[in-house]
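Structure first, commentary second.
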Amino acid sequence: MSSLSRELVFLILQFLEEEKFKETVHKLEQESGFFFNMKHFEDQVQAGEWDEVERYLCGFTKVEDNRYSMKIFFEIRKQKYLEALDRQDRAKAVEILVKDLKVFASFNEELFKEITQLLTLDNFRQNEQLSKYGDTKSARNIMLVELKKLIEANPLFRDKLTFPSFKSSRLRTLINQSLNWQHQLCKNPRPNPDIKTLFTDHSCTPTTANGARPPPPTNNPIVGPIPKAGAFPPIGAHGPFQPVVSPAPGAIAGWMSSNNPSLPHPAVAAGPPGLVQPSSAAAFLKHPRTPSGMTGIDYQSADSEHLMKRMRAGQSDEVSFSGVAHTPNVYSQDDLAKTVVRSLNQGSNVMSMDFHPQQQTILLVGTNVGDISLWEVGSRERLAHKPFKVWDISVASMPLQQTALLNDAAISVNRCVWGSDGLMLGVAFSKHIVQIYTYNPTGELRQHLEIDAHIGGVNDIAFAHPNKQLCIVTCGDDKMIKVWDAVAGRRQYTFEGHEAPVYSVCPHYKENIQFIFSTAIDGKIKAWLYDSLGSRVDYDAPGLWCTMMAYSADGTRLFSCGTSKEGESHLVEWNESEGTIKRTYSGFRKRSSGVVQFDTTRSRFLAAGDEFQIKFWDMDNINMLTAVDADGGLPASPRLRFNKEGSLLAVTTSDNGIKILANSDGLRLIRMLESRAIDKNRSPSEPINSKPLIVNALGPVANVSSGIAPVLERSDRIPPAVTISSLGTMDNSRLVDVKPRISDELDKIKSWKIPDIVDPSQLKALRLPDSIATGKVVRLIYTNSGLALLALASNAVHKLWKWQRSERNQSGKATAYVAPQLWQPPSGTLMTNDISDNKPAEESAACIALSKNDSYVMSASGGKVSLFNMMTFKVMTTFMSPPPAATFLAFHPQDNNIIAIGMEDSSVQIYNVRVDEVKTKLKGHQSRITGLAFSQSLNVLVSSGADAQLCVWSIDGWEKRKSKFIQAPPGRQSPLTGETRVQFHNDQTHLLVIHESQIAIYDSKLECLRSWYPKDTLIAPISSAIYSSDGLLVYTGFCDGAVGVFDADGLRVRCRIAPSAYIPSFVAGNTAYPMVIAAHPSEPNQIALGMSDGAVHVIEPSDVELKWGGPSSQENGPLPSNSSNPSLSGQQSELPSR
């Protein structure tokens, strides 16, 4: 069932609960198995409704599923049995013993005998263990405590004990929104439609006498206007859903522009910021927020008022924080960018800086003489330089024309900022205007919009995305905030209410509410929704003068930094829920010279320029962490800006320059840029008439219209092919408009197209922590949940790594960015396989298989097959004593109790765990079994052996359908021998076959569709291969330590990962190689490598590459742009000094 279908079940459960359909609610809980209602379960147990208790439980687990489930059912049936004995109802007790308790005899015969003997006692309390049994009620309560512990520990109940958090009457709200939407689409909408059914779509018919169409509604909020209180009755248990009212022409339309009558239907699922939904339409109608005579209300208002009214409380110095919980600090000072790696000479005083959101080394700079520059900080090249000029003086306002015509008019950049997708940048000037450029990755800046925005200076500019529409937010000396359409430059909103020039703006969203914080030079902070109803928040900033606000990178924490007229600086974190200050950071000089600037990085650190230094704080500690002077030369209050990764920090200098500081990641990035630049100088010259390589992770700039005719302005330099987005998998075939007469040159370039990942900076790799000395890793699998990684070593010991939820890893899934814990139960027990007395474990074939619910694992290392409990590491049972030994294990896709076991004697045994019985033996191979794969759609089992033979078996009757030996590569002697593995693709039809000599794709008839043999840079024998979780890639390990990433459809090499890229402190001569590769079950670009030296590495592309083989390759299409809101950082302009 899809996630949306699952969510629909929860909506129905909520609806049934609100409508008091109690029995139906619990029936649906049981049948869906999505939510275990512990309260209902407790009520039934305390009432002794044993049949209902077991019926409800069976929707979630069966007796035989695992030890927890077995214990749960045993405790319930034992209690039922004791109560029958306590009532002296011997006949009922015997019935319970025979029907309900006997099933446990096979697991613990002694216990069953002891329970049976209770029948012979006049009072079962005569049994020493039951001597403290009280009355029935207290006994049930004591049992309930035990049952709750078992249920909470049972992995089958994981994520089923908590009902999802969403607003009341959500299903009604969605239906009302649908009806409103249908009504908006009516050709002839009536003012008071009569909704009589939900079985068909709503449609109005014309009502005017002459047949003329009524005026169409304007774009109004989905909930529509509220003409008067009580206009619609609340929805009762059997009452109709509330009717829909046609929005009045003058209603407030939120962000939806009145000249755009056609709006797409919003998805039911939670959308991006801007799809703001009311908590309940019924709640709106019961509590109208406008007088009866008003035309309408913005549909944000209900949630917005709730959010904003919490911010109106007064300010306090220190309050408890009730917002998002933050995990302990998992960073160190080494993560701070403190080492000077570059010095750039801008030539004039730098007023504002901003790093490109995706190309981590591209820096946008604005100066006090009105010019902007683009720098590639790695190569120290200035890519573009634009002096200030008015693009179209004829359409400018008179004050702007006068400014433009005055030669001595001082025009300064107050703020320059990138859009969140890096395709657009905005510049706010000290006189009237903002200019918007589109940025092309080939190094072109196009004039896009010039807006005469404010009277006087434009003090700040930001990009925002209300209702998924890109817009520009500006503020100025005229005490106003304005919102502009980023495509055509039309003004959408004007917010008035400040009594002093507005210094900064900070657009954001919270709880699905889009809003803007603004600060003025009188110290007032206000908050605005995208409506025309005025400020929703009004309180004072510390220092009561120039203040800038910014959120942490994850959007959960709000900070401000400002300086008073007396020079006192204040860096604080806000409690948004209360509108109060959570903490005030210390460490500023008593009299700052100028307005202190600040920035945030990694959702963990704060930095501010003060006292000729850069000062750093941990967000959770008010005391200063450290300070650096960047080798001197900084002004008293330097401006600063982090790149998105936090690996680089740009700082202004007193000699009109910029210094770039770096942490260890930034240093590696800079070194890579330098080495690439050297390689570029050594490479042959570019083909004639070819345009530069496109090397960033951005797609092409979309066509945009503007009131000003676009003027193409080529930058004075082209960005070099050394940006961070191209470091991991440089695809040198990205040529544009190369003329046919140089096709031979193009072929030469394509011949070395395969990227070679050789440096740790080109990917993210993590060696898993390991304190247990074991041999080489022979088997490696992710749990089905993707939260853990299980390895089996050659000495028969298992190791389990679990990732924990944290601020850096909120999903808790396996990742190379956060180290997991090597997990062991409190007992310290190791999961160790039985081994053969005749053969060392290191020489035995090892095999492993995990149950679908991750609760137990089946494994063997030459001895008996062991079934382990994954929670306790205890052996649940063993079976299949050698000889022959088990060499491969695979669970039946439809029945976890049926296992296909490949054997050392070349047979495949079909074994039923529950009855401990071999159902049948399949014979057809000539050597030991090395691979098994089920296909549910084909209803077959495919086996492979060390004889390099494939056999297809029918699941129904286990008869052999077909067999075939794999083809030998050219120049290799036939027939082949050696381990052969098989894996079905997600389509359950195509089969991946792995042998040391090849990887190949076979169809359902065992016809080889395509194959690949080691060659070129991947020449070593193949050790392992596996499909990615989405089936688009094949990861292949080689005996020289390399990993090849292939396209699954054509087995074309996308990239080669050298061992030097993922093995820490790699040295020449290292012979470790990946013996086994595991693919993450839901992250297609993440793999884990089990190494011959016992190490386990998790690797994935760097966060700028996104996928293996170059995301910006033209043949792979453009990379989707990032639509998140840009975070506002502390690059404020010093308004008073202007």
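Could you please find all residues in the range 1-55 being within 27 Å of Val145 (Cα to Cα), assigned to a loop (DSSP other than H, G, I, E, B) and of a type in the set (S, T, N, Q)?
Within the range 1-55, just Asn37 meets the criteria.
Condition (residue is farther than 23 Å from Asp895 by Cα, within 32 Å of the chain's Cα centre (by Cα) and surrounded by fewer than 21 Cβ atoms within 10 Å (Cβ to Cβ)) applied to the range 788-798: is it met by at least one residue?
no
Which members of the range 84-126 meet the condition of being under 24 Å from Gly59 (Cβ atoms) and in contact with a helix residue (DSSP H, G or I) (Cβ under 6 Å, 6 or more places away or on another chain)? Lay out the reasoning, then the answer.
Of all residues in the range 84-126, those under 24 Å from Gly59 (Cβ atoms) come to 96, 99-104, 107.
Correct list: Ile96, Asp100, Leu101, Phe104.
Test Gln177 against the criterion of being in a helix (DSSP H, G or I), modelled with pLDDT under 90 and under 30 Å from Asn869 (Cα atoms), and give yes or no. Before the answer, list the steps.
On the way: in a helix (DSSP H, G or I): yes; modelled with pLDDT under 90: yes; under 30 Å from Asn869 (Cα atoms): no.
Spelling it out, it is not the case that Gln177 is in a helix (DSSP H, G or I), modelled with pLDDT under 90 and under 30 Å from Asn869 (Cα atoms).
I'd like the full set of residues that are among the β-branched types (Val, Ile, Thr) and open to solvent by 10 Å² or more (accessible area, probe 1.4 Å), limited to the range 53-93. So that I can check it myself, show each step before the final result.
Applying the first criterion (among the β-branched types (Val, Ile, Thr)) to the range 53-93 yields 53, 61, 63, 72, 76.
Of everything in the range 53-93, just one residue is among the β-branched types (Val, Ile, Thr) and open to solvent by 10 Å² or more (accessible area, probe 1.4 Å), namely Val63.
Can you pull out every residue in the range 998-1018 that is part of a strand (DSSP E or B) and closer than 24 Å to Lys962 by Cβ?
Filtering the range 998-1018 down to residues part of a strand (DSSP E or B) leaves 998-1002, 1008-1012, 1015, 1018.
Within the range 998-1018, Gln998, Ile999, Ala1000, Ile1001, Tyr1002, Cys1008, Leu1009, Arg1010, Ser1011, Trp1012 meet the criteria.
Inside the range 589-610, can you point out the residues that are more than 24 Å from the chain's Cα centre (by Cα) and among the polar types (S, T, N, Q)?
Passing the criteria: Ser592, Ser593, Gln597.
Residues in the range 499-517: is at least one of a type outside the set (Val, Ile, Thr), part of a loop (DSSP other than H, G, I, E, B) and without any contact (Cβ under 8 Å) to a residue 40 or more places away in the chain? Working first, answer last.
At the first step, the residues of the range 499-517 found to be of a type outside the set (Val, Ile, Thr) are 499-501, 503-504, 506-512, 514-515, 517.
Pick out the ones that are also part of a loop (DSSP other than H, G, I, E, B) and you get 499-501, 511-512.
If we keep only those that are without any contact (Cβ under 8 Å) to a residue 40 or more places away in the chain too, we end up with 499-500.
Within the range 499-517 (the criterion being of a type outside the set (Val, Ile, Thr), part of a loop (DSSP other than H, G, I, E, B) and without any contact (Cβ under 8 Å) to a residue 40 or more places away in the chain), the answer is yes, since at least one residue qualifies.
With the structure loaded, tell me whether Glu904 is in contact with a Lys or Arg (Cβ under 7 Å, 6 or more places away or on another chain) and either of a type in the set (A, V, I, L, M) or open to solvent by 50 Å² or more (accessible area, probe 1.4 Å) (or both) or whether it fails that test. Let's see the steps before the verdict.
On the way: in contact with a Lys or Arg (Cβ under 7 Å, 6 or more places away or on another chain): yes; either of a type in the set (A, V, I, L, M) or open to solvent by 50 Å² or more (accessible area, probe 1.4 Å) (or both): yes.
It is true that Glu904 is in contact with a Lys or Arg (Cβ under 7 Å, 6 or more places away or on another chain) and either of a type in the set (A, V, I, L, M) or open to solvent by 50 Å² or more (accessible area, probe 1.4 Å) (or both).
Across the range 1019-1046, what is the total count of residues that are in a strand (DSSP E or B) and without any contact (Cβ under 8 Å) to a residue 40 or more places away in the chain? Before the answer, list the steps.
Kept after step one, since they are in a strand (DSSP E or B), are these residues of the range 1019-1046: 1022-1027, 1033-1038, 1043-1046.
Now drop any that are not without any contact (Cβ under 8 Å) to a residue 40 or more places away in the chain, which leaves 1022, 1038, 1044.
Final tally of qualifying residues: 3.
Condition first: basic (Lys, Arg), closer than 23 Å to Gln14 by Cβ and surrounded by fewer than 16 Cβ atoms within 10 Å (Cβ to Cβ). Now tell me which residues in the range 165-189 satisfy that.
Within the range 165-189, the subset basic (Lys, Arg) is 167, 170, 172, 187.
Now drop any that are not closer than 23 Å to Gln14 by Cβ, which leaves 167, 170, 172.
Of everything in the range 165-189, just one residue is basic (Lys, Arg), closer than 23 Å to Gln14 by Cβ and surrounded by fewer than 16 Cβ atoms within 10 Å (Cβ to Cβ), namely Lys167.
Working only within the range 969-984, note down all residues that are open to solvent by less than 30 Å² (accessible area, probe 1.4 Å) and either not in a strand (DSSP E or B) or not small (Gly, Ala, Ser) (or both).
Pro969, Leu976, Thr980, Val982, Phe984
Of the residues that make up the range 526-541, is at least one open to solvent by less than 20 Å² (accessible area, probe 1.4 Å), under 23 Å from Met624 (Cα atoms) and in contact with a strand residue (DSSP E or B) (Cβ under 7 Å, 6 or more places away or on another chain)?
Yes, the range 526-541 has at least one match.
Looking only at residues in the range 1026-1084 that are aromatic (Phe, Trp, Tyr) and open to solvent by 20 Å² or more (accessible area, probe 1.4 Å), which one is farthest from Arg981 (Cα to Cα)? Full working, then the answer.
Of all residues in the range 1026-1084, those aromatic (Phe, Trp, Tyr) come to 1027, 1035, 1038, 1046, 1062, 1066, 1073.
Narrowing the set further to residues that are open to solvent by 20 Å² or more (accessible area, probe 1.4 Å) leaves 1066, 1073.
Values: Phe1066: 30, Tyr1073: 18 Å.
Per the criteria, the residue is Phe1066.
I'd like the residue in the range 155-164 that is part of a loop (DSSP other than H, G, I, E, B) and modelled with pLDDT of 90 or more and, out of all such residues, is surrounded by the fewest Cβ atoms within 10 Å (Cβ to Cβ). Break it down stepwise before answering.
So the first thing to find is which residues in the range 155-164 are part of a loop (DSSP other than H, G, I, E, B), and the list is 158-164.
Of the ones still in play, those that are also modelled with pLDDT of 90 or more are 160-164.
Values: Lys160: 18, Leu161: 14, Thr162: 9, Phe163: 15, Pro164: 14.
Result: Thr162.
The conditions are (1) open to solvent by less than 60 Å² (accessible area, probe 1.4 Å); (2) free of Cβ contacts under 8 Å to residues at least 12 places away in the same chain; (3) within 17 Å of Glu52 (Cα to Cα); (4) not hydroxyl-bearing (Ser, Thr, Tyr), and Phe112 fails exactly one of them. Which is it?
(3)
The values are calculated or read from the model by the stated rules, or taken from the named source; none is laboratory data. Because the structure is predicted, anything quoted here is derived from the model rather than measured. Glycine also receives a Cβ, built like all others from the backbone with ideal geometry; neighbour counts cover every protein chain displayed. For accessibility, only protein heavy atoms count, side chains too; no ligands or nucleic acids. Shrake-Rupley method; radii C 1.70, N 1.55, O 1.52, S 1.80 Å.
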